[in-house]
Structures are given as C-alpha cells and as structure tokens.
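Written out below as structure tokens is the structure these notes cover.
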Amino acid sequence: MSAELILAIAAAAAAAIALGVCFWLWIRVRRLRNAQRVLLGGGRSDLVDFAVSLQARIDDLHRAVDEIAAGLSRVDRRVDGSLTNTAVVRYDAYAGTGGHQSASFAFLDDNRTGTVVTAIHSAGSVTRLLSPTRPAGRKAERRRSTGRARKRLPKT
C-alpha cells in the first residue's frame, strides 16, 4: 500500500469521527434549545417571569394574611372586653303585688360600664326601661344588679 492511500484512509476516518462528533454536538445543542424554550417561553412570557410574578403574589398573600390576623386579634380583644359580666335582680316594683314579677338585668364590660334593662310589671301594664350604667342617681334595684355584675369582675 502506498503512503498516499494510507493517508487518504486516515483522513477519511478522521473526517468520519469529526462528522460523528458534530452530529452528537448538534443533538446536544438541540436538546439544550428545547429545554431553554420550555424555560424561557420562546418570546412569550417565560417560566422565570411566571415564577417571579407567582412569588410576588404569594408575598402579597402573606401580607394580607398578616393584616387579617392582626385585625382578628384586635377584634378578639374588643370581644373579650365587651359583654363579660351580667346579673339579674328580681323584685316587687309595687308593694303588695308579690311574686317578684319585675326585674333588672345588668350587662357590663371589662371597664364596668354597660346597660341596665329594667322590666317593671304591674297588674295592668309592663314598663321597660333601658339605661346606661351611671354611678349616681340609680334606683336601688339597678344598683343591686350592677353591683352583682361588678362583683363578678376580677379586680384591676
């Protein structure tokens, strides 16, 4: 065999190997581009933009949940201090009627303020009174009902 033939066969083999490597690299680049198209979206909004916007929406959701939790704790404190103590005093509003037909209901909050509802029953009528609690000028029955309700409050 001549040296020229051996050189031609070696060059053909090197060219075939180079062609194989080029084909293999072409397939790898094609797979990489397909993966990039999935990630980048190929001109439309891409997956990275979607993930960033999704994270922003999740952060907004966390802020909203925190605001709602803070509002709920404020409402809890207000409800805890609203109507905490009640008392009922039954009595005879008119002498000789008997049976303790009249009553005063005290509804107090943690600040020892609230409302007294009084229902005075007589033989022919019923009178209902609604009044805020005030220290002075209350009837004895209202004083007793608010006093009982206040005794149930813890000392502050």
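In the set Ala106, Ala93, which member is assigned to a loop (DSSP other than H, G, I, E, B), buried (at least 17 other Cβ atoms within 10 Å of the Cβ) and not β-branched (Val, Ile, Thr)?
Every option except Ala93 fails the conditions.
Within region 91-116, count every residue that is out of contact with any helix residue (DSSP H, G or I) (no Cβ under 9 Å at 6 or more places or on another chain) and touching a residue at least 12 places away in the same chain (Cβ under 8 Å).
7
Within region 52-73, count every residue that is at pLDDT below 90 and either exposed (fewer than 10 other Cβ atoms within 10 Å of the Cβ) or over 22 Å from Ala35 (Cα atoms) (or both).
We begin by selecting, within region 52-73, every residue at pLDDT below 90; these are 52-53.
Going one step further and asking which of them are either exposed (fewer than 10 other Cβ atoms within 10 Å of the Cβ) or over 22 Å from Ala35 (Cα atoms) (or both), we end up with none.
Of the residues in that region, 0 qualify.
Let me spell it out: the conditions are (1) surrounded by 10 or more Cβ atoms within 10 Å (Cβ to Cβ); (2) at pLDDT 75 or above; (3) in a strand (DSSP E or B), and Ser131 meets all of them except one. Which number is the exception?
The one condition Ser131 does not meet is (2).
The values are calculated or read from the model by the stated rules, or taken from the named source; none is laboratory data. What you see is a predicted model, and the numbers here were worked out from it, not measured in a lab. A quick note on method: Cβ atoms are made from the backbone with ideal geometry, for glycine too, and the neighbour counts reach across all protein chains shown.
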